[in-house]
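First comes the structure, then the notes that go with it.
The values are calculated or read from the model by the stated rules, or taken from the named source; none is laboratory data. Source: prediction; values computed, not measured. All Cβ positions, even for glycine, are placed from backbone atoms using ideal geometry, and neighbour counts span all protein chains on display.
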Amino acid sequence: MFCMNSFRFYKIVKRSTFGKTKLLKQHTMETQIKHYENKLAFEMDPSDLFDALNNGEKVIALDARKAFGFDAEHIPNAINIPHREMSLETTQHLDRDVLYVTYCDGIGCNASTKGALNMTKLGFKVKELIGGIEWWKFDGYATEGTKGVKEGLKIECAC
C-alpha cells in the first residue's frame, strides 16, 4: 500500500520478524522527478526522432548494428557504425555538435546501448532510440535498404 504525505512517498510493509506494519520511506518526489528527467535526457522515442529529423534539428540516427543489418533495413538517412567498430578513427569525421540517436533491432538487442556508451565515451552527445527499428516501423515510419518499407503505415503516435 502506498500513501503520499508532504510530497514524499511511503510504502507500508509488513515486517515478518515482528508481524507489525511499519511505515518506511521509499522515494521522495524529488527522486522520482530526477529519475524521469534522466530517462528523457538519455532516451528518445520514434515519434520524437521523426519530428527532430523532419524539423531540421541537429540530430542523426546512428545504426549500431553490423553492416548487413543496416544494408537490409535502416532509418532513412541514418549512418552505420557498428558498436564494435566505434573508435576515435571510425568517428573522426563526425560532427561533435550533433545529437546522435543510436538504435538497433529493438528491445531484444542491446547494440544501441553499447553504441550509446561507446559514443559517449568518445565525447559525443547521444540518446538511445526506445524500441529500435522495430518500434520505428511499428509507429508507421518508412525504412530504407534491401528490405526497406518505402512508405510507412499511417503515422499516428498516441503519446
Problem - Any hit, region 146-159, residues being modelled with pLDDT of 95 or more and within 16 Å of the chain's Cα centre (by Cα) - result: no
Handout entry: PHE42 vs. criteria aromatic (Phe, Trp, Tyr), surrounded by 14 or more Cβ atoms within 10 Å (Cβ to Cβ), at pLDDT 95 or above and at negative phi
Key = no
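Please go through region 119-144 and pick out each residue that is among the hydrophobic types (A, V, I, L, M, F, W, C) and assigned to a loop (DSSP other than H, G, I, E, B).
LEU122, PHE124, ILE130, ALA142
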Completion exercise
How many residues of region 122-144 are among the small types (Gly, Ala, Ser) and in contact with a Cys (Cβ under 9 Å, 6 or more places away or on another chain)? The answer is 2
Practice task
State all residues of region 45-76 that are touching a residue at least 60 places away in the same chain (Cβ under 8 Å), surrounded by fewer than 19 Cβ atoms within 10 Å (Cβ to Cβ) and more than 17 Å from the chain's Cα centre (by Cα); if no residue qualifies, say none.
Solution key: ASP71, ALA72, PRO76
Problem - The lone exception for LEU117 - which of (1) crowded, with 21+ Cβ neighbours inside 10 Å; (2) within 15 Å of GLU43 (Cα to Cα); (3) out of contact with any Leu (no Cβ under 8 Å at 6 or more places or on another chain) it fails - result: (1)
